[in-house]
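Scroll down for the structure; my scribbles are underneath it.
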Amino acid sequence: MEAARLIPVDDDLDTGGFFEAARRGELVIRMCNGCDAVLHVPTAYCHSCGSWDGRWQAVAGGGSLYSWTTVAHQVHPAYPVPYTVVLVELDDAPAARLVGLLPGAPELAVGQPMEVWFETVDDGVVLPQWRPATKEQTT
Ligand SMILES: [Zn+2]
């Protein structure tokens with residue numbers, strides 16, 4: 001029997017909107033309506049201006065590779081090694097960096113273009129994931 005993936009809580013008050021958008025194939029970040037600060041990791045409260053008024057802002061699914069690590073020692077049966085955990089800085093919101101998982105140990109470079117894709121992992125939970133961009137981005 002295959003081990004189950006680790007699944008995030010996807011209906012939390014602070015982060016539920018992120019996963020709800022992912023189910024629609026949309027990438028969003030939390031932003032403050034009071035001061036337009038990026039609230040990442042998503043939270044209902046803005047630590048910049050004290051507002052509780054926020055919104056989910058759609059962003060393009062492009063970013064650049066900020067950092068990564070390749071895991072060679074297996075710690076969970078659902079995650080065969082090697083795999084690579086990437087940290088991607090969003091083109092539309094550099095204050096927000098999202099984590100993704102790449103199978104294997106690919107050749108990567110800091111700053112290389114990355115693109116989002118949406119992985120359905122279990123019970124309708126959808127995770128934004130990242131992979132090297134397949135075409136040149138126009139910005
Ligand atoms: Zn604010």
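If we scan the stretch 6-24, do we find a residue that is within 16 Å of the ligand (Cβ to nearest atom), open to solvent by less than 70 Å² (accessible area, probe 1.4 Å) and modelled with pLDDT under 95?
yes
With VAL99, VAL81, VAL86 as the choices, which residue is in a loop (DSSP other than H, G, I, E, B), away from the ligand (no atom under 15 Å from the Cβ), among the aliphatic types (A, V, I, L, M) and modelled with pLDDT of 95 or more? Walk me through how you get there before you give the answer.
Values: VAL99 fails: in a loop (DSSP other than H, G, I, E, B); VAL86 fails: in a loop (DSSP other than H, G, I, E, B).
Testing whether each residue is in a loop (DSSP other than H, G, I, E, B), away from the ligand (no atom under 15 Å from the Cβ), among the aliphatic types (A, V, I, L, M) and modelled with pLDDT of 95 or more leaves just VAL81.
Sort out which residues of the stretch 14-47 are more than 15 Å from the chain's Cα centre (by Cα) and either assigned to a helix (DSSP H, G or I) or within 13 Å of ALA58 (Cα to Cα) (or both), and write them in order of number.
Selection gives MET31 alone.
So, in the stretch 99-109, exactly how many residues are open to solvent by 70 Å² or more (accessible area, probe 1.4 Å) and over 17 Å from PRO42 (Cβ atoms)? Reasoning before the result, please.
Step one: filter the stretch 99-109 for residues open to solvent by 70 Å² or more (accessible area, probe 1.4 Å), giving 99, 103, 107.
Add one more test, that the residue is over 17 Å from PRO42 (Cβ atoms), and what stays is 103, 107.
Result for the stretch 99-109: 2.
Across the stretch 48-78, what is the total count of residues that are of a type outside the set (D, E, K, R), within 10 Å of the ligand (Cβ to nearest atom) and part of a loop (DSSP other than H, G, I, E, B)? Let's see the steps before the verdict.
Just the residues of the stretch 48-78 that are of a type outside the set (D, E, K, R), to begin with: 48-52, 54, 56-78.
Going one step further and asking which of them are within 10 Å of the ligand (Cβ to nearest atom), we end up with 48-52, 54.
Within this subset, residues satisfying the condition of being part of a loop (DSSP other than H, G, I, E, B) are 48-52.
Final tally of qualifying residues: 5.
Yes/no matrix, rows are residues, columns are (1) under 20 Å from LEU127 (Cβ atoms); (2) surrounded by 14 or more Cβ atoms within 10 Å (Cβ to Cβ):
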| position | (1), (2) |
| --- | --- |
| THR43 | yes, yes |
| SER48 | no, no |
| ALA58 | yes, no |
| THR70 | yes, yes |
| VAL88 | yes, yes |
| ALA93 | yes, yes |
| ARG97 | yes, yes |
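Just a yes or no: is a residue in the stretch 60-69 over 16 Å from the mean Cα position of the chain (by Cα) and either within 27 Å of THR134 (Cβ to Cβ) or hydrophobic (A, V, I, L, M, F, W, C) (or both)? Full working, then the answer.
Taking the stretch 60-69 and keeping what is over 16 Å from the mean Cα position of the chain (by Cα), we get none.
No, because not a single residue in the stretch 60-69 is over 16 Å from the mean Cα position of the chain (by Cα) and either within 27 Å of THR134 (Cβ to Cβ) or hydrophobic (A, V, I, L, M, F, W, C) (or both).
The values are calculated or read from the model by the stated rules, or taken from the named source; none is laboratory data. Computed from a predicted model, the values in this text were never measured in an experiment. For neighbour counting, all protein chains shown are included, and Cβ atoms are generated from backbone atoms with ideal geometry for every residue, glycine included. These area figures cover heavy atoms from the full protein model, side chains too; ligands, DNA and RNA do not enter into them. Shrake-Rupley method; radii C 1.70, N 1.55, O 1.52, S 1.80 Å.
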